[in-house]
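The values are calculated or read from the model by the stated rules, or taken from the named source; none is laboratory data. It should be emphasised that the depicted structure is a prediction, and the values quoted were computed from it without experimental measurement. With ideal geometry, Cβ positions are generated from the backbone for all residues, glycine too; neighbour counts draw on all protein chains shown. Keep in mind that these areas ignore ligands, DNA and RNA; they rest on the heavy atoms of the full protein, side chains included. Shrake-Rupley method; radii C 1.70, N 1.55, O 1.52, S 1.80 Å.
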Amino acid sequence: MPPKVPAKQQSPNPVEEKKRALLISVYKGSDKLDICVEHLEELELLIETYGAVVVKKVPCSIRKYDAATFVTEGKLQELVDLSKELGVDLVVFDDEITPGQQRNLEKAFSLPVIDRTEVILEVFAARAQTKEAKAQIELAKVKYEAPRLKRLWTHLSRQAGSGGGGSGGGGYLKGEGEKQIEIDRRLLQQKIDLLKKDIEDVRAVRETQRNSRERSEIPIFAIIGYTNAGKSTLLNALTASDVFVEDKLFATLDTTTRKFKFSNHQEILLIDTVGFIRKLPHLLVAAFKSTLEEAMQADVLVHLIDVSHPMAEEQAETTFEVLKELNAEKKPVITVLNKIDQCEDPTKILRFRIKYPKTVEISALKKIGFEDLEEKMIHELKSFRKVVKLKIPQSNYAVVTEIMRVGHILSQHYEENDVFLEVDIPESAAGRLKKYLLD
Ligand code: GTP
């Protein structure tokens, strides 16, 4: 099925004003060069999703960091010269730079300088669909921008300062710029408060929906994994649905839930989630917690790994780190090695098999390995379910209805006023039915 690109999902920068970007990633020690190059590849994909053109990627070897300009003076000069030579109009650092470093670097380059966090924030902002995701990202952006406000108003301060009447002796001069910053800070704080309230409201609704789903006791599987691993493709392939798929990062920002029936007719819910990424900006970890929280309520996590990717192992580790941050590392996980159709290194698959228990190899695109995957999923469910024998008075029709809703009746017969059932039900339901249990 051809991918659909809704208007809302386009890149942040329309084609006609594409910026030409110079990408820089720093590394210490020659053995880190390969990783640095891979990180630049990923940043390139992020920048393309952001809507700019990458002119050059520079792995930059450093011996130490500079507190003021991130890279030391000599290196900085080389990079500034390169940016002039290439005629770029945007400089992007793969590493997180502080607001102060950003200001100093912009002065040195005489160009806008952004970091990976800002790129991810912009990509997320352009792709958010639901009210909650939009509010979450807006909140993360506002928090990111707050300490950087000064950047916009320093020119006013300078004007006011040069106008005489300085405070002298290192005293504090409150210029127009400073006042403006204070007003903006207050406005930003109001905006933050409003956004937080919006998010709380949406979460309350989500909570109600979740509770009603919990009551239905349909098992939930969440597909998680690094961005571009193929999560939406798998959800589409399994459920024959049409979730947005694109060879870009973060095509999925909001969780999508679909019903899926195993070949044994057991129903489950499958959730597609936002992709994880190395160095997910902390602001976004917090902002996305609630989006991922829903996925973290799942009974089982299906961890999808693009095994054909050169950094597959690092990506899998990143996913586990994010899971830890979400306190979900103890959930049962099925490790699914995806894109085996284009994986040229069989030893890599072997390494994953050794490292992670319960691995399955599939191609979500070519629909290979689905039987195996289903088998593992059904197997995983067994640990949450129990086969029990019950004796229920026929007059207690409500109980029988409840059992039919949450479980499968394996056998039944009637004796006098009672019905005898052998049922396969969730562990939690078995607890509630204790008084009807036969030994
Ligand atoms: P995010 O939304 O960024 O988290 O991505 P995702 O994990 O949902 O990935 P998505 O399903 O959008 O797929 C990303 C790209 O990988 C698309 O171009 C898919 O066609 C491709 N892809 C997915 N599965 C396979 C596979 O088994 N084999 C191959 N060759 N490509 C695949």
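Annotation: amide H of THR72 within the under-5 Å range of ASP66, sequence separation 5 or more or interchain, hydrogens built in the peptide plane. Scattering from region 385-436 was approximated by placing one identical point on each alpha carbon and applying the Debye formula without solvent; log10 I(q)/I(0) at 0.19, 0.31 1/Å stands at -0.54, -1.42.
Annotation: amide H of ILE220 within the under-5 Å range of LEU269, ASP299, VAL300, sequence separation 5 or more or interchain, hydrogens built in the peptide plane. Close amide H contacts of VAL360 (hydrogens built in the peptide plane, cut-off under 5 Å, sequence separation of 5 or more or a different chain): THR335, VAL336, LEU337. Coupling constants for region 48-62 follow from the phi torsions by the Karplus curve (6.51 cos²θ - 1.76 cosθ + 1.60, θ = phi - 60°), and in residue order they are 5, 5, 5, x, 10, 9, 8, 8, 7, 10, 10, x, 10, 7, 10 Hz; glycine and proline get x.
Peptides 359-366, 270-277, 313-320 ranked from most to least packed by the mean count of surrounding Cβ atoms within 10 Å: 270-277, 359-366, 313-320. Computed from backbone phi with θ = phi - 60° and the Karplus coefficients 6.51, -1.76 and 1.60, the 3J(HN,Hα) list for region 304-312 is 8, 10, 7, 6, 7, 7, x, 9, 3 Hz; x is used for glycine and proline. Straight-line reach only, C-alpha to C-alpha below 27 angstrom: list the lysines that LYS366 could link to, leaving out same-chain residues fewer than 8 apart. Leaving aside lysines fewer than 8 places away in the same chain, those within reach of LYS366 are LYS4, LYS231, LYS248, LYS259, LYS261, LYS339, LYS348, LYS355, LYS358, LYS376.
Solvent-accessible area of region 266-413 (1.4 angstrom probe, protein heavy atoms only): carbon and sulfur portion equals 54 percent. For ARG258, the solvent-accessible surface computed with a 1.4 Å probe is close to 70 Å², ligands and nucleic acids excluded.
Mark the label point 7 Å from the Cα of SER411 along Cα→Cβ and return the residues of region 366-399 whose backbone N is within less than 18 Å of it. Answer for this model: 386-392. The phi-based Karplus calculation (6.51 cos²θ - 1.76 cosθ + 1.60; θ = phi - 60°) puts the 3J(HN,Hα) values of region 387-401 at 9, 10, 10, 10, 10, 10, x, 4, 5, 8, 5, 4, 5, 4, 4 Hz, whole numbers, x for Gly and Pro. The residues of region 362-439 expose on average 64 square angstrom of accessible surface per residue, using a 1.4 Å probe on protein heavy atoms.
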